[in-house]
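Single-structure report; data block below.
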Amino acid sequence: PEFDLFEPTSRELSWNRPDTWVRAARRLREFDLVVFAHITPAQVIPYRTMIATLSGGHARTAVICHNVLPHERGRADAGLVSLLLRSTDLVIVHSEAQAAQASRLTGKPIHVAQLAPFMPTGFVRRTPLVGLHRRLIFFGLVRPYKVLAVLPPPLPPGPSAVRRVAAARCVGGPDG
């Protein structure tokens, strides 16, 4: 909601309404490519339903994995993600380590594409005024596998023009 939608974007899918999954997939059958962004195993059943509905149409499918498997795994995660990856035509990941993880779950082609830097619309790069500082801000939950959690407190010294702020909550470690 914080960014303008790309045209023509519609928001017709509802994660608790399987009829919307099927209806959307039927409309997408004649497109060349349908791309699914895999973020969590909770998406597998809706995505797998849509991919099954797409079969018999023209569309090929690709799944872009932000993380192949979640860092905090449940018992069913690997099986669910394997089901999704085996059902698509192409798997796209952002690192060689993720490609190795995906290859253990599917025999489908896997492509590594580095994640492009993203700047919000209207972002302007500026040099701070004299006396002001650039800020590195970390938002979110700090988990043991995240780099912020392994830095010794206080953070090691950096350039004097940079201030560091952690607007976060530690979870799952000695502080959480």
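How much length is gained if the chain between N67 and V162 is pulled fully straight, taking 0.36 nm per residue apart and subtracting their Cα-Cα distance, in nm to one decimal? List each step's numbers first, then the result.
Working: separation 95, 0.36 × 95 = 34.20 nm, distance 3.00 nm.
Net length gain for the segment: 31.2 nm.
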The stretch 7-63 - percent relative contact order, Cα under 8 Å, separation 6 or more = 41 percent
key: Potential extension, D89-A42 segment - 0.36 nm per residue separation minus Cα distance   = 14.9 nm
key: Linear extension gain, A97 paired with E12, 0.36 nm per residue minus alpha-carbon span   = 27.2 nm
note = Sequence order, the stretch 12-20: Karplus ³J(HN,Hα) from phi using 6.51 cos²θ - 1.76 cosθ + 1.60, θ = phi - 60°, Hz rounded, Gly and Pro as x, gives 9, 7, 10, 5, 9, 10, x, 4, 6
ask   = Are there chymotrypsin sites (Phe, Trp or Tyr not before Pro) in the stretch 1-67 that DSSP marks as loop and that have at most 10 other Cβ atoms within 10 Å, and which are they?
value = F3, F6
request  = Report the residues of the stretch 18-55 in range of a label on R143: point 7 Å along Cα→C-beta, backbone N strictly under 12 Å from it.
outcome  = 40-41
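Where a number appears in this text, it was derived from the coordinates with a stated rule and is not lab data. The structure displayed is predicted, hence computed values, not measured ones. With ideal geometry, Cβ positions are generated from the backbone for all residues, glycine too; neighbour counts draw on all protein chains shown.
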